[in-house]
Amino acid sequence: MTVVLVTGGSGRLGRSVVAGFADAGLSVTSADTTLPDAQDPRVAYRTADLTDPAAAAALVRAAAPDVVVGLAAIAVPFSAPEPVILSVNALIAHNTAAAAVEAGVGRIVLASSPTVVGYGAPAGWLPDSLPLTESTPTRPWHAYGLSKLVAEQTARMFAAAYGATTRFASFRPCFVIAPEEWSGAPTQQGHTVRERLADPALAAPSLFNYVDARDVTDFLLRLLDRMHVISNGDTFFVGAADALARKPLAELLPSFLPGSGALASVLTGTEPAFSIEKARHELGWNPTRGWRDQLIDTGDPEVAR
Ligand SMILES: NC(=O)c1ccc[n+]([C@@H]2O[C@H](COP(=O)([O-])OP(=O)(O)OC[C@H]3O[C@@H](n4cnc5c(N)ncnc54)[C@H](O)[C@@H]3O)[C@@H](O)[C@H]2O)c1
């Protein structure tokens with residue numbers, strides 16, 4: 001049985017990943033600074049502060065996993081002072097990878113973020129083309145985005161140093177929607193999914209991206225299966241197959257992203273701004289949950305049809 005250590009396992013995404021991994025038959029240890037309110041009897045829970053390299057090393061040694069999935073982070077831009085976000089997230093990424101390598105873990109995955117590409121920059125931002133892909137240049141404009149780029153580069157750095165024996169990857173989950181948020185629990189930004197759909201100004205800052213946390217779990221299971229054949233240290237966007245919007249982004253984006261009219265014209269129908277073709281092609285992963293089928297019992301003619 002594959003043994004996996006999930007860091008940040010008490011968080012919005014971590015709770016789904018931990019449950020999904022247990023459902024898939026993996027032996028799961030969840031590590032976080034805090035324990036979750038509801039504990040899954042199939043999962044071993046540990047507390048650790050991963051900014052402390054000794055604590056990270058002791059945690060990984062004791063869990064003795066085959067796989068480490070690093071989700072722990074300060075996950076919201078500007079939710080702490082910029083130097084704190086940068087240093088905490090960079091330290092967590094480095095300590096996690098270093099501890100895993102030292103313990104002989106074979107596969108190590110770190111969570112990044114789409115914010116690495118730099119949308120929303122106050123000084124202006126326009127990509128060369130849409131949809132955004134893993135080849136889109138990275139230009140973070142806040143400490144959170146920078147710290148996530150550090151996480152990606154940490155995976156690449158360790159792949160360069162230890163790639164002969166160990167596989168590394170990172171991934172950029174879009175705006176994560178946990179299962180309970182479809183029925184009205186607040187999202188990471190405090191409002192509900194329904195409110196986010198009703199007011200395009202709420203989803204526009206993240207270019208209307210989103211992903212169901214269970215689809216991220218499915219992505220991770222695919223990634224773990226394929227890490228021995230994909231490029232070591234690689235990164236992937238992980239998003240829903242559509243945009244979190246009621247109108248085509250070809251219509252919506254130009255109102256929020258000045259000058260994007262011609263670029264956005266390719267985003268017709270339900271097409272999202274973030275391409276997931278790489279994960280589809282290299283991993284055979286496809287998201288299976290979208291707002292139209294998850295926002296059920298709403299009386300909304302656009303959903304559940
Ligand atoms: N939620 C999103 O929309 C989103 C989007 C892109 C990327 N991500 C990334 O995905 C990961 C998970 O995000 P989330 O939404 O579940 O965030 P979250 O805040 O719900 O969970 C993060 C967890 O990390 C833990 N943590 C923080 N500092 C720690 C430390 N020093 N040691 C151990 N644990 C620590 C927190 O206690 C928390 O439970 C993060 O790395 C985040 O940057 C999330």
Spin-label pair T288/H228, simplified geometry with 7 Å Cα→Cβ offset, distance in nm:
2.5
Cα axis of helix 53-63 to longest principal axis of the chain: angle in degrees, 0 to 90, nearest 10?
80
What residue among L249, F158, L283 has its Cα farthest toward the positive end of the dipole of the chain, where the charges are +1 on Lys, Arg and -1 on Asp, Glu, each on the Cβ?
F158
Around I177: net Lys/Arg minus Asp/Glu count, Cβ-Cβ under 15 Å:
-1
Which residue, R214, R172, R246, has the most motion in a Gaussian network model of the chain that connects Cα atoms within less than 10 Å?
R246
GNM top mover of P179, P127, P81 - the chain, alpha-carbon springs below 10 Å
P81
Projected label distance in nm at R139 and Q189, using a 7 Å step from Cα toward the beta-carbon:
2.2
So for the stretch 119-278, taking the charge dipole from beta-carbon charges (+1 Lys/Arg, -1 Asp/Glu), which of A121, F168, F237 sits furthest toward the positive end?
F168
Each label point is 7 Å from the Cα along the Cα-to-Cβ direction; what then is the distance between the points at S255 and A160, in nm?
4.5
Cα shape, the stretch 1-61, gyration tensor, a/c 1.5 rule
oblate
What do you get for the angle between helix 12-23 and the principal long axis of the chain? Use alpha-carbon atoms, 0 to 90 degrees, nearest ten.
60
Just D215, D293, D32 to compare: in a GNM of the chain, with alpha carbon springs under 10 Å, which one fluctuates most?
D293
Per residue accessible area of the stretch 124-266, 1.4 Å probe, in Å²:
39
Computed helical MRE - 222 nm, the chain, DSSP H runs ≥ 4 contributing -39500 (n - 2.57), nearest 500
-10500 deg cm²/dmol
With all protein chains present, how much of the accessible area of the chain (probe radius 1.4 Å) comes from carbon and sulfur, to the nearest whole percent?
54
Mind putting a number on the dipole of the stretch 202-305 about its Cα centre? Charges go on the C-beta only, +1 for Lys and Arg and -1 for Asp and Glu, and I need it in Debye to the nearest 20.
80
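The values are calculated or read from the model by the stated rules, or taken from the named source; none is laboratory data. Predicted model only: the values in this text are computed from it and were never measured. Heads up, the Cβs are rebuilt from the backbone with ideal geometry, glycines too, and the neighbour counts pull from every protein chain shown. Just the protein is used for accessible areas: all its heavy atoms, side chains included, with ligands, DNA and RNA removed. Shrake-Rupley method; radii C 1.70, N 1.55, O 1.52, S 1.80 Å.
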